[in-house]
Amino acid sequence: MAYYFDHKHHREDNPAAHVDTTATVFMVYLALVLGAIATIAVSFAHLGDKAIYVHMLISAIQVSIVAYYWMHLQRSDSLTWLVALSGIFIMMILFALPLSDYTTRHLGGL
């Protein structure tokens, strides 16, 4: 399996040779923890119907951060990006289906 360190297609036989710095790992972890705290804060903010949109935005940002840094998309080739973007497309569909159900419900009783 070819692993390209950069997009110039210089083949690297040992993909484990690149190790993220401790500061990068800590900053990514801190960003994810702040996203979790922001999600909890939104829950207590009494945003009403708008809260679900903010929750989904925060979770999409967290998924993007995890994919870019911890799944190493910044060092991958085009095919890996295509697969990751297709996963994001599926995630958007899975977000849209419950959201369409939620937004089309009647607030009153039947």
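The values are calculated or read from the model by the stated rules, or taken from the named source; none is laboratory data. Keep in mind it's a predicted model, so treat the numbers as computed, not measured. Cβ coordinates were reconstructed from backbone atoms using ideal geometry, including for glycine residues, and neighbour counts include every protein chain displayed. Side chains included, ligands, DNA and RNA excluded: accessible areas come from the protein's heavy atoms. Shrake-Rupley method; radii C 1.70, N 1.55, O 1.52, S 1.80 Å.
For the reader, a short list of remarks on this structure follows.
- Using θ = phi - 60° in the Karplus curve 6.51 cos²θ - 1.76 cosθ + 1.60, the 3J(HN,Hα) couplings for region 66-75 round to 4, 5, 6, 9, 7, 9, 6, 6, 5, 10 Hz; x is entered for Gly and Pro.
- In terms of the mean number of neighbouring beta-carbon atoms within 10 Å, the peptides 61-73, 44-56 order highest first as 61-73, 44-56.
- These residues, Leu32, Leu79, go from largest to smallest accessible area, 1.4 Å probe, as Leu79, Leu32.
- Under the simplified labelling scheme, the Gln74-Ala23 pair shows an inter-label distance of 1.2 nm, with each label point 7 Å from Cα along Cα→Cβ.
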